[in-house]
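Presented below is the structure to which this report refers.
Throughout, read-outs are computed from the coordinates displayed, never taken from laboratory work. Since we're looking at a predicted model, the values are computed, not measured. Don't worry about glycine lacking a Cβ; one is built from the backbone with ideal geometry, like all the others, and counts go over all protein chains shown.
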């Protein structure tokens, strides 16, 4: 089982939970796929795209259950990132947890293996 991670702002996770599916955040809609990160990548993703933001939720999904629409593609520094080329559904979620902001940085302790 390979867990991959998505960070959502409060309104984005609320929309997903209320509607049962989402096209993702505005950047996901603009790019045509939902950006995920591996456990090794997610802290850098938070620092780059969510610096100083509170009220975030970390969502985990099992990569193997997302089907052929999940593609591993080169991105930041040539590293392979998981990109989902379909709507994300609540049934895809392994778990969610608040992503706390401590001393200006996001604290992934106990969240990411």
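Which FRET efficiency value, to the nearest 0.05, is calculated for residue 75 and residue 14 with the Förster distance at 30 angstrom and r the Cβ-Cβ distance?
Details: r = 27 Å, r/R0 = 0.90.
Calculated value: 0.65.
Take 37, 75 and order them by how many other Cβ atoms sit within 10 Å, fewest up front.
Working: 37 23, 75 15.
If I rank by nearby Cβ atoms, fewest first, I get 75, 37.
Using Cβ contacts closer than 10 Å as the measure, can you line up 2, 96 from fewest to most?
On the way: 2 11, 96 16.
Ordered from fewest to most neighbouring Cβ atoms within 10 Å, 2, 96 come out as 2, 96.
Among 8, 36, 50, rank each residue by its count of other Cβ atoms within 10 Å, from fewest to most, as a rough exposure measure. Please list the in-between numbers first.
Numbers: 8 23, 36 27, 50 16.
Listing 8, 36, 50 from fewest to most nearby Cβ atoms yields 50, 8, 36.
Starting from the exponent 0.38 and prefactor 2.2 Å, build the expected Rg for region 3-99 from its residue count and divide its actual Cα Rg by it.
Working: Rg = 12.3 Å, N = 97, 2.2 N^0.38 = 12.5 Å.
The value comes to 0.98.
Residue 31 to residue 65: FRET efficiency via 1/(1 + (r/R0)^6), r the Cβ-Cβ distance, R0 22 Å, to the nearest 0.05?
Efficiency, from the Cβ-Cβ distance: 0.50.
Once you have the Cα-Cα distance between residue 44 and residue 95, take 0.36 nm times their residue separation minus that, and quote the gain in nm to one decimal. Let's see the in-between values first.
Values: separation 51, 0.36 × 51 = 18.36 nm, distance 2.05 nm.
Between residue 44 and residue 95, full extension yields 16.3 nm more.
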